[in-house]
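These notes are about the structure you will find just below.
The values are calculated or read from the model by the stated rules, or taken from the named source; none is laboratory data. Here the structure is a predicted model, which is why all the values come from computation and not from measurement. Reconstructed Cβ throughout: ideal geometry from the backbone, glycine too, with neighbour counts over all protein chains shown. With ligands, DNA and RNA removed, areas are computed over all heavy atoms of the protein, side chains included. Shrake-Rupley method; radii C 1.70, N 1.55, O 1.52, S 1.80 Å.
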Amino acid sequence: MRPVQKASAAVGAAFLLVGVLGFIPGITSRYDELAFAGHSGALLLGIFAVSVLHNLVHLLFGVLGLLAAKRAQAARAFLMVGGGLYVFLWVYGSAIGEHTDSNFLPVNTADNWLHLGLGAGMLLLGVVTTAVERARSKSPVN
């Protein structure tokens with residue numbers, strides 16, 4: 001596996017884990033308040049707002065990351081496009097009110113900062129792994 005494929009697989013696995021954890025009472029506090037979408041009182045790790053829809057998005061991203069890891073070009077696209085989407089989600093989540101109808105996932109302040117970190121991290125992984133591969137392809141073979 002090339003570095004970009006390993007990165008895509010790791011990010012995908014992390015998203016799958018988070019998606020599953022969002023459905024586990026105890027790891028998700030106030031689980032009885034878990035709504036399908038919109039404002040939900042459920043909090044993953046007692047910090048991050050989650051809903052059934054939010055958890056399903058994490059599971060979908062996880063599956064996409066693992067599938068993308070099969071091909072370098074798809075893995076790179078997953079990291080770059082996915083990273084861009086998460087940065088956009090940070091902007092969107094920061095702009096809307098936490099208790100508004102626009103908050104359909106839902107997201108809270110902790111989610112917003114996590115989404116910025118995820119987006120930036122995915123973009124950075126896409127760029128760095130590409131740079132590493134290009135540097136290796138130009139280096140002389142011993």
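Values computed for the structure shown
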| read-out | value |
| --- | --- |
| Any chance Ser8 is of a type in the set (S, T, N, Q) and within 12 Å of the chain's Cα centre (by Cα) | yes |
| Candidates Leu66, Leu59 - the one that is of a type outside the set (D, E, K, R) and under 28 Å from Gly97 (Cα atoms) | Leu59 |
| Residue count, region 8-43 (criterion: outside any loop (DSSP other than H, G, I, E, B) and either among the aliphatic types (A, V, I, L, M) or touching a residue at least 40 places away in the same chain (Cβ under 8 Å) (or both)) | 15 |
| Test set (1) touching a Phe, Trp or Tyr at 6+ places or on another chain (Cβ under 9 Å); (2) surrounded by 18 or more Cβ atoms within 10 Å (Cβ to Cβ); (3) at pLDDT below 95 - Ala68 fails condition number | (3) |
| Subset of region 75-88 that is hydrophobic (A, V, I, L, M, F, W, C) and either modelled with pLDDT under 95 or open to solvent by less than 30 Å² (accessible area, probe 1.4 Å) (or both) - its residue that is nearest to Trp113 (Cα to Cα) | Leu79 |
| Cβ pairs under 7 Å, 6+ apart, first in region 95-118 and in contact (Cβ under 8 Å) with a residue 24 or more places away in the chain and within 17 Å of Gly83 (Cβ to Cβ), second open to solvent by 50 Å² or more (accessible area, probe 1.4 Å) and in a helix (DSSP H, G or I) | His115/Trp90; Leu116/Trp90 |
